[in-house]
Amino acid sequence: MSNADIILRSSDLINFYVHRSALVASSPFFRDMFSLPQPQPSPDEVLDGLPVVGSPEGAEVLNSLISMLYSVSPEIPDSNDSILALLAAAQKYDMVTVQSSIRAEISRRDLLSPTGSETFRVYAIACSKRLIPEMESTARLTLEYQMTFENIGEAMRSFEGCALHDLADFHWGCKSTLLRHFLSLSGIKYIRSYSRIWVGCPTVRSPKPERDEARLPTWLEDHFQKFTQLDTFTQTIPKAQRLGEEYLEALRAHVNETDCHFCTKVHTLKGEAFCTEIKRGLILVQNVSYVVEAAGAY
């Protein structure tokens, strides 16, 4: 690079010619380092007349990091490990703006979207590097999978400190929130207008309108009953589409078995709103905060 006045050398001995001013402008770490009196470099610390500064980052990460300092197309690595290492490097050098730009590029290119057991491993690595936004985003991705030792597999080796405990707490909080929502709809714990619309079904158990009880037909109570297993780690958070499909399957089975015209009419008039209310539980889950207090004990 023309007019470069310093060389950054990666851990795998690749040299990058950069401008000291670019490092200082983007990083308080380098600003403070270069503000100190610099000792006379030894011969092996000089190349092409420029001082060489060693970096613990590999060439791929260092190249990506440097690309964020200049008006060039940013070079973001493809692998999950390298992306996390790049974010960690930007965090270590206190490059707040650079780190934000990296995350924007990751989002734009839809990177860092692991699946299966890789989701748990990426979460664990993000925890070890204290990358809180990535900790939360990947923690939410793990909700799609059973949190069992068999399912986590080799990713278990990547967990450190309280990372697994924090993730278990997050899963528990999300599932408890969704379970409470389903219980409220069933009328078991609460009385809600969305439950009252089904009171006219002949299968409603022990209807007592004088007590304003909002009980559901047996087919809906049985449908919601299966969600009581959400308090185990072998269950996953259902997707919105599946919630709607399962509701329709339960309704269809009920109508085919009993020829219930009442539930058919209710579904026609208010079924869409009721289904939306069922799915609202997933919005409540999205609002469950990921807490990293225990993670501070790493």
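The values are calculated or read from the model by the stated rules, or taken from the named source; none is laboratory data. As the structure is a computational prediction, the values presented were derived from the model and not from experiment. Here Cβ is always computed from backbone atoms with ideal geometry, including for glycine, and neighbour counts include all displayed protein chains. Each accessible area value is taken on the protein alone, full model and side chains, heavy atoms only, with ligands, DNA and RNA left out. Shrake-Rupley method; radii C 1.70, N 1.55, O 1.52, S 1.80 Å.
Would you confirm whether any residue within region 12-23 is farther than 20 Å from Ser82 by Cβ, among the basic types (Lys, Arg) and without any contact (Cβ under 8 Å) to a residue 60 or more places away in the chain?
Yes, because at least one residue in region 12-23 is farther than 20 Å from Ser82 by Cβ, among the basic types (Lys, Arg) and without any contact (Cβ under 8 Å) to a residue 60 or more places away in the chain.
Residue by residue, here is whether (1) at pLDDT 90 or above; (2) in a helix (DSSP H, G or I); (3) farther than 22 Å from Ser101 by Cα; (4) over 32 Å from the mean Cα position of the chain (by Cα) holds:
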residue	(1), (2), (3), (4)
Phe16	yes, no, no, yes
Asp32	yes, yes, yes, yes
Gln40	no, no, yes, yes
Asp44	no, yes, yes, yes
Val52	yes, no, yes, yes
Glu60	yes, yes, no, no
Ser64	yes, yes, no, no
Tyr70	yes, no, no, no
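Would you please list the contacts, defined by Cβ atoms under 8 Å and residues six or more apart or on different chains, that run from a residue in region 216-235 that is in contact (Cβ under 8 Å) with a residue 60 or more places away in the chain to a residue that is open to solvent by less than 50 Å² (accessible area, probe 1.4 Å) and part of a loop (DSSP other than H, G, I, E, B)?
Here the result reads Phe233/Met147; Phe233/Thr148; Thr234/Thr148, each pair linking region 216-235 to a residue that is open to solvent by less than 50 Å² (accessible area, probe 1.4 Å) and part of a loop (DSSP other than H, G, I, E, B).
Within region 156-171, can you find the residues that are part of a helix (DSSP H, G or I) and either within 15 Å of the chain's Cα centre (by Cα) or free of Cβ contacts under 8 Å to residues at least 40 places away in the same chain (or both)?
Once the filter is applied, which keeps residues that are part of a helix (DSSP H, G or I) and either within 15 Å of the chain's Cα centre (by Cα) or free of Cβ contacts under 8 Å to residues at least 40 places away in the same chain (or both), region 156-171 yields Met156, Arg157, Ser158, Ala163, Leu164, Asp166, Leu167, Ala168, Asp169, Phe170, His171.
For Asp81, state whether it is part of a helix (DSSP H, G or I), surrounded by fewer than 17 Cβ atoms within 10 Å (Cβ to Cβ) and either over 14 Å from the mean Cα position of the chain (by Cα) or touching a residue at least 60 places away in the same chain (Cβ under 8 Å) (or both).
Yes: the conditions hold for Asp81.
Being open to solvent by 60 Å² or more (accessible area, probe 1.4 Å) and not in a loop (DSSP other than H, G, I, E, B) is the filter; apply it to region 145-155 and report the residue that is modelled with the highest pLDDT.
Selected residue: Glu154.
Does Gly54 satisfy the condition of being closer than 20 Å to Ile6 by Cβ and exposed (fewer than 14 other Cβ atoms within 10 Å of the Cβ)?
Criteria met by Gly54.
Any idea how many residues of region 101-144 are open to solvent by 50 Å² or more (accessible area, probe 1.4 Å) and either in contact with a helix residue (DSSP H, G or I) (Cβ under 6 Å, 6 or more places away or on another chain) or charged (D, E, K, R) (or both)?
13
Among the residues of region 180-187, is there at least one that is assigned to a helix (DSSP H, G or I) and modelled with pLDDT of 90 or more?
Taking every residue of region 180-187 in turn, none turns out to be assigned to a helix (DSSP H, G or I) and modelled with pLDDT of 90 or more.
Ile66 is checked against (1) farther than 30 Å from Thr148 by Cβ; (2) open to solvent by 30 Å² or more (accessible area, probe 1.4 Å); (3) out of contact with any Lys or Arg (no Cβ under 8 Å at 6 or more places or on another chain) and fails just one. What number does that condition carry?
So the condition that Ile66 fails would be (2).
Just one of the numbered conditions (1) buried (at least 19 other Cβ atoms within 10 Å of the Cβ); (2) at pLDDT 75 or above; (3) of a type in the set (Gly, Ala, Ser) is not true of Ala253; which one?
Result: Ala253 passes all but (1).
Which members of region 92-143 meet the condition of being basic (Lys, Arg), free of Cβ contacts under 8 Å to residues at least 40 places away in the same chain and assigned to a loop (DSSP other than H, G, I, E, B)?
Arg109
Within region 165-184, can you find the residues that are among the aliphatic types (A, V, I, L, M), open to solvent by 10 Å² or more (accessible area, probe 1.4 Å) and farther than 15 Å from Lys239 by Cα?
Listed by number, the residues that qualify are Ala168, Leu183.
Taking Phe274, is it in contact with a Phe, Trp or Tyr (Cβ under 7 Å, 6 or more places away or on another chain) and among the aromatic types (Phe, Trp, Tyr)?
yes
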